[in-house]
1. Identify the residue in segment A:108-127 that is not in a strand (DSSP E or B) and not polar (S, T, N, Q) and, among all such residues, is farthest from the other protein chains (Cβ to nearest Cβ).
2. Looking only at segment A:120-128, decide whether some residue is touching a Gly at 6+ places or on another chain (Cβ under 9 Å) and either farther than 18 Å from A:GLU48 by Cα or at pLDDT 95 or above (or both).
3. Name every residue in segment B:50-75 that is among the aromatic types (Phe, Trp, Tyr) and over 26 Å from A:THR143 (Cβ atoms), in order of residue number.
4. Any residue in segment B:48-67 that is free of Cβ contacts under 8 Å to residues at least 40 places away in the same chain sitting within a Cβ distance under 6 Å of a residue that is part of a helix (DSSP H, G or I)? List the pairs, counting only those 6 or more apart or interchain.
5. Kindly indicate which of B:ASP89, B:ASP61, B:ASP112, B:ASP98 is farther than 30 Å from A:PHE134 by Cβ and acidic (Asp, Glu).
6. Does any residue of segment B:32-42 turn out to be assigned to a helix (DSSP H, G or I), within 8 Å of another protein chain (Cβ to nearest Cβ), touching a strand residue (DSSP E or B) at 6+ places or on another chain (Cβ under 8 Å) and of a type in the set (Ser, Thr, Tyr)?
7. Tell me whether segment B:67-77 contains one or more residues that are in contact with a strand residue (DSSP E or B) (Cβ under 9 Å, 6 or more places away or on another chain) and within 13 Å of chain A (Cβ to nearest Cβ).
8. Given the condition among the hydrophobic types (A, V, I, L, M, F, W, C), at pLDDT below 95 and surrounded by fewer than 16 Cβ atoms within 10 Å (Cβ to Cβ), answer yes or no: does some residue in segment A:102-118 qualify?
Amino acid sequence: MNIGLITSFIISGILILMLGFMNIGVSQNSTEVVLSQFRQSQKYDVQELVTFDLPKIGYDFNLSIDTAIVYGDDKKLVFYSNVDNSSDGSIETISWEFTSTGINETVNPNDKVLTRTVDSELTEIKTGVTLFEFAYYDSLGSTTSLATPLSNDDRAKVVQIGVTLKIESDEKVKTRTDKEGSYLITMWNKRFSPRNLKNNLN
Amino acid sequence: MSDFSNVLQVIGAMVLVSLLVQSANRKMNANSMLLVENEFESEIAAISQEIIEESRLLAFDEATVTGFVPVDIPAGFSDIGRDIAETADKVTFDDFDDLDGWSGIVSTALSDFNVSIEVVYIDKTTGIQTNAKTTLKEIQITITNDLVRFQNTTTLKPYYFSYIRSYYAE
């Protein structure tokens, strides 16, 4: 058989394999990009809600509320605020809780329902949240958080509240090196310094 | 020669495909880098906001910590920087410009970030930094992370944030 023809077949085979692997790579990369953008937008949605609520802890349109924090542990925070800035001065009770209820709509077993309640109005957030934690600090820039659940005394000492958010993709992304696949993760950490907790500073 | 002409053609095709694959790989790498950078930038923005919010809870100046108002404003204000009994530990800070010269590592679940802070007086008319005391102070924050670098270099990419605070807007 012609040696030139055999060599050509071998090289063509290598070319086809290269194109095949490139195709798989491009496809995995675009999956990763789409899922990442989706996760990022889910993160920004939750971020926006948290950033709307937490700086307003203890806020009223013409005064500060004395006992702003009603309850606080690492998974749940309940506080008072005139969050809708109503001129009648009505104070709402706002609660954020990372529940242990799984989300049935996704195959990811780690994501749980995050809830936001304003008085009795409940909003369930099912956007792949796998971690949502609060940490409480009694001085600005402190690296040691207060023990949770917060005691009555400690509730009056809180000046900063840290939030850690982790969102995972609904499904695993598999690669050639990771046959099992893994969930894409996005994280956000932010320490809030609500102005109305300023009086709690020593 | 005619026996090997098809081999030469296939080798030529291989070179072209290799270039195509290399270009696709480069694009995919750039995409992944952007995703990582995006993730870190979101955290960097959160850290800068955190520091600015924190600084706003402190008094404007050492002279106003106790609520006392200096007779002569702005000459009665203190010099920029930490005052007596204040250490590099942020919990000892009681006014806005104590943050000047502070640098440290802010650890988050994502990564460790290097933060350095400067506080300067700002001229009311020109809006630029001045050595004279005024009623405006600016906090300048620089944040870097070991994993965020300028493209194709080993130089860390710094992120700059600033916030101007006015004594009269307390």
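1. Taking segment A:108-127 and keeping what is not in a strand (DSSP E or B), we get A:108-111, A:119-120, A:126-127.
Pick out the ones that are also not polar (S, T, N, Q) and you get A:109, A:111, A:119, A:126.
Working: A:PRO109: 20, A:ASP111: 17, A:ASP119: 27, A:LYS126: 21 Å.
Among them, the one singled out is A:ASP119.
2. Our first condition is that a residue be touching a Gly at 6+ places or on another chain (Cβ under 9 Å); within segment A:120-128, this holds for none.
No, the conditions are met nowhere in segment A:120-128.
3. The initial filter retains those residues of segment B:50-75 that are among the aromatic types (Phe, Trp, Tyr), namely B:60, B:68.
Once the filter is applied, which keeps residues that are among the aromatic types (Phe, Trp, Tyr) and over 26 Å from A:THR143 (Cβ atoms), segment B:50-75 yields only B:PHE68.
4. Qualifying pairs under 6 Å: B:LEU57/A:LYS198.
5. B:ASP61
6. Within segment B:32-42, the first condition is being assigned to a helix (DSSP H, G or I), and the residues that meet it are B:32-42.
Now restrict to residues that are within 8 Å of another protein chain (Cβ to nearest Cβ): B:32, B:35, B:38-39, B:42.
Still in the list and also touching a strand residue (DSSP E or B) at 6+ places or on another chain (Cβ under 8 Å): B:39, B:42.
Still in the list and also of a type in the set (Ser, Thr, Tyr): B:42.
Checking segment B:32-42: at least one residue is assigned to a helix (DSSP H, G or I), within 8 Å of another protein chain (Cβ to nearest Cβ), touching a strand residue (DSSP E or B) at 6+ places or on another chain (Cβ under 8 Å) and of a type in the set (Ser, Thr, Tyr).
7. From segment B:67-77, those in contact with a strand residue (DSSP E or B) (Cβ under 9 Å, 6 or more places away or on another chain) are B:67, B:74, B:77; that's our starting set.
Still in the list and also within 13 Å of chain A (Cβ to nearest Cβ): B:67.
Within segment B:67-77, one or more residues are in contact with a strand residue (DSSP E or B) (Cβ under 9 Å, 6 or more places away or on another chain) and within 13 Å of chain A (Cβ to nearest Cβ).
8. Taking segment A:102-118 and keeping what is among the hydrophobic types (A, V, I, L, M, F, W, C), we get A:103, A:107, A:113-114, A:118.
Remaining after also requiring at pLDDT below 95: A:103, A:107.
This time we only want the ones that are surrounded by fewer than 16 Cβ atoms within 10 Å (Cβ to Cβ), so: A:107.
Within segment A:102-118, one or more residues are among the hydrophobic types (A, V, I, L, M, F, W, C), at pLDDT below 95 and surrounded by fewer than 16 Cβ atoms within 10 Å (Cβ to Cβ).
The values are calculated or read from the model by the stated rules, or taken from the named source; none is laboratory data. All of these numbers come straight from a predicted model, not from anything done at the bench. No Cβ is skipped: glycine too gets one built from the backbone with ideal geometry, and neighbour counts run over all protein chains shown.
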